[in-house]
Amino acid sequence: MTKLQMEAIVPMSMVNFDENQIIANGAKIYDQRAKIESIADSIVDNGFDLLLFTSSGGSQAMLDPFAFYIRHMSRLPVENVLSANLMTGDCNRITDKTVAFLTSKSGDTAETVKAANWLKEQGVRLFAAVGKENSTLESICDDTIVYGEGRPQELVFYLLIGRILYRSGNFDAYPRFADELKNLAFALAQVRKQADAKCLKYAQDYCKEPYNIWIGSGDLWPTAYSYSMCVLEESQWIRTKSVSSPEFFHGTLELLEDDVCTTLLLTEGPTRAQDERVKAFAARHTKKLTCFDTKEYALPGISDEFRPLLSPVVMAAVLQRISKNIEVITDHSLDIRRYYRKESY
């Protein structure tokens, strides 16, 4: 799809959309490429016996696809564990040769900070990606990238984990991939334009549904899980169940009826067949099935061979257009909370 063709499908008006700012945000992270790759080189050069991804909530969901990629692209030892679960013994492989990756927009998420302190006591090397300068998490960790308003935060880990895979002999194409990531923010801005009309209609049609099912697999399962939890439930107070594509057929399928709102995210990764199986079934049993498929969106400046690695950020760009539209339609700001960080718990 040419730039002209993409511009032709852009709605005349998009709420809460600033393409120049999106591109600038991406540049803020990409400009730190040399620092990120230097950290990755140091991790490889010093050796490790485990790569551990641990954080909380949506931050953990952002990290989870990178554990997925490591498992599918290499035999490197990897675990991904919620910080609260880490503190109750859910990983028994931690040594002083472990490297842990943590992220928190605020840099002070209680469970993540507690896990960081505990890991530090075990002699684990800690890397953090945080949104604020001089945060608690940064003060604990050995290496930190501050992304500020930079988006997508995943870009930090595409460079960091991609470089580790490259240096360990598992991702020969990384140098070309990393060069093309310079175009990622621009490409994702175009995805937002391509997706807006569909996302606006989705928000209009389904913002008042009493019950929603969200489904995804592989590297998009964390996206389905976190979007339903962090946006629809936490930010919009919309009742939503998330389920992975393979698990959908072991319980949730029984809830499908003509009027049950069902949303499926289709990845370009190795689990796509699981999503297509759900699509075929759900299309027969509900009239309210919506499929968001990363294959439908052009990514200018990104080679097709790298698309299977980018489903999470492509889908996040798509779903952001639901978020930006739905808060206007419902007159319910995405920033409103009743309990989260409002009470002690």
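Laboratory data are not the source of any read-out in this text; all were calculated from the coordinates shown. As the structure is a prediction and not an experimental result, all values here were calculated from the model. Positions of Cβ are backbone-derived with ideal geometry, glycine not excepted, and every protein chain shown enters the neighbour counts.
A simple packing score, the average count of other Cβ atoms within 10 Å per residue, orders the peptides 262-274, 228-240 as 262-274, 228-240, with the highest score first. Axis of helix 57-73 versus longest Cα principal axis of the chain: the two differ by about 70°, to the nearest ten degrees.
Relative contact order for the chain using alpha-carbon pairs under 8 Å, separation at least 6, rounded to a whole percent? Can you show the working numbers first?
On the way: 592 pairs, mean separation 61.5, N = 345.
Relative contact order comes out at 18 percent.
Think of each Lys and Arg Cβ as +1 and each Asp and Glu Cβ as -1; about the Cα centre, that makes the dipole of the chain roughly 300 debye. Applying a DSSP loop filter and a limit of 13 other Cβ atoms within 10 Å to the trypsin sites (Lys or Arg not before Pro) in the range 170-214 leaves Lys208.
Here Lys193 is the anchor, and the lysines within straight C-alpha reach of less than 22 Å, apart from those fewer than 8 places off in the same chain, are Lys3, Lys28, Lys182, Lys201, Lys295, Lys324. Each residue of the range 275-280 was assigned a 3J(HN,Hα) from its phi angle through the Karplus curve 6.51 cos²θ - 1.76 cosθ + 1.60 (θ = phi - 60°); the sequence is 5, 5, 5, 5, 4, 5 Hz, with glycine and proline shown as x.
Counting only DSSP beta bridges with both residues in the chain, tell me the antiparallel percent, nearest 5. Within the chain, antiparallel bridges account for around 0 percent of the total. Most mobile of Val243, Val130, Val44 per a Gaussian network model of the chain (Cα springs, under 10 Å)? Taking springs between Cα atoms under 10 Å, the residue moving most is Val44. Among the trypsin sites (Lys or Arg not before Pro) within the range 65-153, those in coil by DSSP and having at most 12 neighbouring Cβ atoms inside 10 Å are Arg75, Arg93. Positive-end ranking of Leu86, Val314, Pro65 along the dipole of the chain, with charges on Cβ about the Cα centre, is headed by Val314. Taking a straight Cα-Cα cut-off under 17 Å and skipping sequence neighbours fewer than 8 places away in the same chain, the lysines within cross-link reach of Lys114 are Lys105. Between Asp41 and Met87, the FRET efficiency from the beta-carbon distance, with R0 = 30 Å, is close to 0.45.
Our summary gives the range 87-182 a relative contact order of 21 percent, counting only alpha carbon pairs under 8 angstrom and 6 or more residues apart.
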